Amino acid sequence: AQSVTQPDIHITVSEGASLELRCNYSYGATPYLFWYVQSPGQGLQLLLKYFSGDTLVQGIKGFEAEFKRSQSSFNLRKPSVHWSDAAEYFCAVGPKEYGNKLVFGAGTILRVKS
Amino acid sequence: GAVVSQHPSRVICKSGTSVKIECRSLDFQATTMFWYRQFPKQSLMLMATSNEGSKATYEQGVEKDKFLINHASLTLSTLTVTSAHPEDSSFYICSAREAGQQLTEAFFGQGTRLTVV
């Protein structure tokens with residue numbers, strides 16, 4: 001079965017510190033992988049995606065993620081967190097064949113302390 | 001990037017009434033739209049896949065007679081929550097994928113907060 005695991009429900013980091021949000025997936029074929037951010041009461045904004053090619057992908061707002069097939073992981077990173085990054089982050093996986101029928105992880109809430 | 005507009009952003013309705021939520025792709029044509037539901041402090045769960053001009057495909061456990069989906073054009077899909085009850089209160093989000101595009105993500109609307117009282 002397809003699944004996405006985000007093991008950290010909450011993470012708190014200091015402003016300016018580095019950030020890594022973990023994402024592991026279980027998928028039967030080559031996955032398409034996504035990271036989305038959601039501010040309270042808002043929809044989802046795509047941070048970055050991986051379809052193929054270079055396993056280190058760059059996204060918006062200074063985020064990057066690395067696809068590691070051997071570990072079934074797609075962790076999100078940012079070298080220096082800003083207070084405006086406080087939000088909820090969702091990792092998602094989807095198949096090529098079915099468009100974007102996505103399976104989402106449970107989400108990680110990021111708190112940034114000044 | 002492409003824009004998906006969802007309307008309304010918030011709605012409060014009385015128990016037993018029906019509510020319609022619209023999802024529009026503003027600057028592209030979407031053959032496929034997806035409807036998700038998000039419970040408080042939980043992730044998004046796919047409810048159904050809506051294809052233009054055909055019946056929607058519902059996920060297991062989703063009542064198709066309760067959540068009516070219509071995708072009458074390439075830019076509009078609607079979700080109607082019929083005979084709403086308090087347990088239907090949730091955050092509903094749609095996404096749309098551009099027609100003919102193989103390697104692209106789906107774009108999400110801003111969501112609709114439904115409260116049934």
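Do the conditions hold for A:LYS101, that is, is it closer than 28 Å to B:SER5 by Cβ, surrounded by fewer than 17 Cβ atoms within 10 Å (Cβ to Cβ) and in contact with a Leu (Cβ under 9 Å, 6 or more places away or on another chain)? In short, no. Among the residues of segment A:49-64, are any of a type in the set (A, V, I, L, M), within 21 Å of A:ASP8 (Cα to Cα) and at pLDDT 95 or above? Taking every residue of segment A:49-64 in turn, none turns out to be of a type in the set (A, V, I, L, M), within 21 Å of A:ASP8 (Cα to Cα) and at pLDDT 95 or above.
Within segment A:17-68, restricting attention to residues that are loosely packed, with under 13 Cβ neighbours inside 10 Å and β-branched (Val, Ile, Thr), the residue that is farthest from B:TRP35 (Cα to Cα) is A:THR55. Would you call A:VAL13 free of Cβ contacts under 8 Å to residues at least 12 places away in the same chain, surrounded by 11 or more Cβ atoms within 10 Å (Cβ to Cβ) and part of a strand (DSSP E or B)? Criteria not met by A:VAL13. Would you point out the residue of segment A:69-79, among those that are of a type outside the set (Ser, Thr, Tyr) and outside any loop (DSSP other than H, G, I, E, B), that is surrounded by the most Cβ atoms within 10 Å (Cβ to Cβ)? Here the residue is A:PHE74.
Among the candidates A:LYS101, A:LYS49, the residue that is within 10 Å of chain B (Cβ to nearest Cβ), charged (D, E, K, R), assigned to a loop (DSSP other than H, G, I, E, B) and closer than 24 Å to B:GLY111 by Cβ is uniquely A:LYS101. Only one of the numbered conditions (1) out of contact with any Ser or Thr (no Cβ under 8 Å at 6 or more places or on another chain); (2) within 14 Å of chain B (Cβ to nearest Cβ); (3) under 24 Å from B:GLN6 (Cβ atoms) is violated by A:SER84, and that is (2).
When segment A:80-92 is examined, which residues are found to be under 15 Å from A:GLN45 (Cα atoms) and outside any loop (DSSP other than H, G, I, E, B)?
A:SER84, A:ASP85, A:ALA87, A:GLU88, A:TYR89, A:PHE90, A:CYS91, A:ALA92
Each residue in segment B:1-47 was checked for being free of Cβ contacts under 8 Å to residues at least 12 places away in the same chain and in a strand (DSSP E or B), and 0 of them qualify.
Candidates B:VAL62, B:VAL4, B:VAL117: the one that is surrounded by 13 or more Cβ atoms within 10 Å (Cβ to Cβ), away from chain A (no Cβ under 11 Å) and of a type outside the set (S, T, N, Q) is B:VAL62. Exactly one residue out of B:CYS94, B:CYS23 is within 10 Å of chain A (Cβ to nearest Cβ), at pLDDT 90 or above and out of contact with any helix residue (DSSP H, G or I) (no Cβ under 9 Å at 6 or more places or on another chain), and it is B:CYS94.
Exactly one residue out of B:ARG10, B:ARG24 is within 24 Å of A:GLN42 (Cα to Cα) and within 11 Å of the chain's Cα centre (by Cα), and it is B:ARG24.
Residues in segment B:51-59: is at least one touching a Cys at 6+ places or on another chain (Cβ under 8 Å), in contact (Cβ under 8 Å) with a residue 12 or more places away in the chain and on the phi < 0 side of the Ramachandran plot? Among the residues of segment B:51-59, not one is touching a Cys at 6+ places or on another chain (Cβ under 8 Å), in contact (Cβ under 8 Å) with a residue 12 or more places away in the chain and on the phi < 0 side of the Ramachandran plot, which makes the answer no.
The values are calculated or read from the model by the stated rules, or taken from the named source; none is laboratory data. Only a predicted model underlies this, so the values are computations on that prediction, with no experimental measurement involved. Ideal geometry is used to build each Cβ from the backbone, glycine not excepted, and the neighbour counts take in all protein chains shown.
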